Each structure stands twice: as C-alpha cells, then as structure tokens.
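Trainee: Please see the structure below; I have some questions.
Every read-out reported here was derived from the displayed coordinates using simple, explicitly stated rules and does not represent laboratory data. Remember, predicted model here, so these are calculated numbers, not experimental data. Note: ideal-geometry Cβ built from the backbone for every residue, glycine included; neighbour counts use all protein chains shown.
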Ligand code: GLV
Ligand code: MN
Ligand code: MN
C-alpha cells in the first residue's frame, strides 16, 4: 500500500508551528497579519518545491495545483483547510489539513501513476475569524456565499480592512475567487473535541457540522462616580454585560439540546476602577446542530436584551456571522469509512462542533471531513495535541480517499 512520507509531514507541521511566535513563545498568525505572511511564504515555498502550480485569488486563498497529464480539463479533487490561527494557538488546527493535503499530492505525484483529474490543495484565508468577521471567509467567498468586494471591505479588530492588509502582505492575488470549481472537496482536521479519544477510535468520518451564530452586542449606560452614585441611580453597562454572560451560560447549561454559548471577548469603557462603565462591547458565539434550536436560542437572547434595555441602558446588536448546520455528502463519508476499514482502522461517523472551510465548500461540491483525535479534547490553545502516529494515520486515509477519487487507488476507477 502506498503511504505518505511521515517525517516530511511531521517536520513541516512543526516548522510551520514555529512561525509567528512572540517573545513568550505564544503562536499567533491572525489572518493577513505579518506573521500570517511568514506562514504563507513558507507554505508557498513548499508548494513550489513540490512542483505544483501556485495560484492566489483576490481574497488571498492560496492553491497548489497538480494538473497531471491527459485529464481533459476535468474538475480537480480539492483538499483544503487554513493556516491562519487564533491567539495563542496550537500548531495543528487547520495547518494539519493543509500540510497533509500537500503531502498527499506530493506522494501521488511521485508514485509514477497519472491522475484522471487534477489534484489541488488550498489554504483558505481567515478561517478563524478572530481578526475579521465572518469566519471561514476565504472559503465562503470561494463558494460564492459573499461578494469578494464586501469581504475585502471587512474591518479588522485593529482597524484596517482585509483588502488593505492582504495587499500589504503581498497576498491580494489576481485570480477571481471561485476560479477552481472542485469535483469533490475533502478536509482532514484534528477533532478539537473529546469524542474520538474517549472512545479510542482513530478516525472520524464527519457527516455534519453544527450551525454557528456570531453577534456583537454594544451596551451603553452612563459613566458616573463609583463612590457617590447610589446603586438605585446607576445605568451600569458592565453589570448589564455580566448579566448577558450569565444568561447565556446558564441557559445553555440547562438546555436539553447540545447548544453551546460563549462570550469570548468583552471590553469596558472607560475601564477604570472607580468609574461605572458607560459602555460594554461583547461578542456572542452560539452554536447548535439543529437550525430550529439555534433560532430559538437567538430569539431567547434577543428577548433578554429587550428586557435589559427597559432598565435604562441602550443595546445595539450586530450580526457578525450566521451559518446554518451542514450535512456532508454521504458518498464521500462512505469513501472515508471504506478507506479506514481497508487500513484496519476503526472509524465512527460524527458531527463537528467547530466551524470548517468544508462547511462553505459543501455549497458548491460534494464534501466531507476526516477527523483524528485531540488529546483531552483541547483546541484553540497551545495545549492542543495529537500523537504523531494518529496524524500519520489520518493523512494516509486522506491519501487513499484522494487516490480513489483521482483514479489512482487500488480500484483505479476515479
Ligand atoms: C473555528 O475554528 C471555529 O470557531 O469553529
Ligand atoms: Mn480549523
Ligand atoms: Mn480554529
């Protein structure tokens, strides 16, 4: 059985994981930042070394394409994920899938066989959405879900637009987004949750992905003296923000559905120890695998905010991202299961709690995902970890699935 070069893949994951560290060793490559540029440059260098055609589109998505010979303009099998990170990130989220995609194409390229259709690997821009909303932006634009000009005009948490920042780091490409229409899309990713490890199962065949709702809430109260203002005379934006946090947390914790709710950012103004906050700005991340449930959670939050506004503060809500749950393509899921079973690996069908580029590309092509275990279910943290053998096993399943889809597998039927 053909296999990927494990040392090359693991070495690259570590090398990319060393790019974008601050003085304390924290890894952060926010989309279109200086550190993202360094990661992109490294990746593009590897694509060129592998002899792939490199294309960059206007939203900064990077593609490495192996055209192959004699495949008559067939649509490519696309493998993808992202190399931007959250703040103080681990080294696997996104990067594993992109580098495994490159590894699979390099392995097949040197196998001497020719593919019945081109193979391509993509690193999509701004999957994490930490700096620019919405998340999964590059793949969303690729899938035609939002206009490229609107996406380029997105304003980052630090003020600049995505378009300006991509131009500044040299990744405002010239290809039109969506120029590469995939035949099928496959994404390999760490699970980022506890299921596979808990059950001792090496491979997840991901058949669905939950809905995501992101909102930014701005609460305006009145600044006043912390010592002289009686409790009954306050319009305290900070207190109101805290009530939003506890409302969301308690409601999700008590829910019968797998709803999760997170307030991940909060800023108070003027942010002084002896001043009642005049303003609070917080973000809400709400997720549920069921669209009706997600809508019910959004409605409950809206009703709570209305009640708060009756208490002498002003509440403004902006929607930052909204994606419905996605069901992946059953045939691709079956291919993943079959590939795992051929290698003697147990797999299980599962849903994804995290957002992924596959969720966007599923709009334009049959898509599915492969998961490998995450130690302790930890991700979006420097403690993110997957064992080398598990990473290699997942990459070999990706190899088999892609080889099959490109007519290079044992069945050779493309
Ligand atoms: C992407 O990492 C997400 O927020 O799920
Ligand atoms: Mn990811
Ligand atoms: Mn992530």
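Trainee: Kindly provide the Kirkwood hydrodynamic radius of the chain in Å, to one decimal, from all pairs of distinct alpha carbon atoms.
Mentor: 22.3
Trainee: Using a 10 angstrom cutoff on alpha carbons, build the Gaussian network for the chain and name the most mobile of 28, 351, 262.
Mentor: Highest fluctuation among the options: 262.
Trainee: Cα centroid distance between the stretch 244-270 and the stretch 50-85, in Å?
Mentor: So the separation of the two Cα centres works out to 39 Å.
Trainee: Also, quick follow-up: Most mobile of 404, 22, 53 per a Gaussian network model of the chain (Cα springs, under 10 Å)?
Mentor: So, out of 404, 22, 53, the one fluctuating most is 22.
Trainee: Length gain on complete extension for the stretch residue 149 to residue 8, per 0.36 nm per residue less the alpha carbon to alpha carbon distance?
Mentor: 47.0 nm
Trainee: Among 131-144, 189-202, how do they line up by average Cβ neighbours within 10 Å per residue, starting with the highest?
Mentor: 131-144, 189-202
Trainee: Using 0.36 nm per residue of separation minus the Cα-Cα distance, give me the extension gain between residue 69 and residue 338 in nm, one decimal.
Mentor: Details: separation 269, 0.36 × 269 = 96.84 nm, distance 2.78 nm.
Length difference between fully extended and current span is 94.1 nm.
Trainee: Per q in 0.20, 0.24 1/Å, what log10 I(q)/I(0) does a Debye calculation on the alpha-carbon atoms of the stretch 114-219 return?
Mentor: -1.18, -1.39
Trainee: I've got another one for you. Using a Gaussian network for the chain with springs between C-alpha atoms less than 10 Å apart, which of these wobbles most: 330, 156, 25?
Mentor: Largest GNM mean-square fluctuation: 25.
Trainee: What is the Cα radius of gyration of the stretch 211-323 over 2.2 N^0.38 Å, N being its residue count?
Mentor: 1.12
Trainee: May I ask for the angle, rounded to the nearest 10°, between helix 95-109 and the longest principal axis of the chain, with both axes built from Cα atoms and the value confined to 0 to 90°?
Mentor: Between helix and principal axis, roughly 10 degrees.
Trainee: On to the next question. Given 0.36 nm per residue, what is the gain on full extension from residue 222 to residue 327 after removing their alpha carbon distance, in nm?
Mentor: On the way: separation 105, 0.36 × 105 = 37.80 nm, distance 4.63 nm.
Result: 33.2 nm gained on full extension.
Trainee: What is the helix-to-structure angle for 6-17, meaning the angle in degrees between its Cα long axis and the longest Cα principal axis of the chain, kept from 0 to 90 and rounded to the nearest 10?
Mentor: Taking Cα atoms only, the helix is inclined about 30 degrees.
Trainee: Another question about this same structure. Along Cα→Cβ, 7 Å out, is where each label goes; now give me the distance between the ones at residue 381 and residue 179 in nm to one decimal.
Mentor: Between residue 381 and residue 179, the label points sit 4.1 nm apart.
Trainee: Right, something else. Tell me the label-point distance for the pair residue 250, residue 307, using the 7 Å Cα-to-Cβ offset, in nm and rounded to one decimal.
Mentor: Going by the 7 Å Cα→Cβ label model, 0.9 nm.
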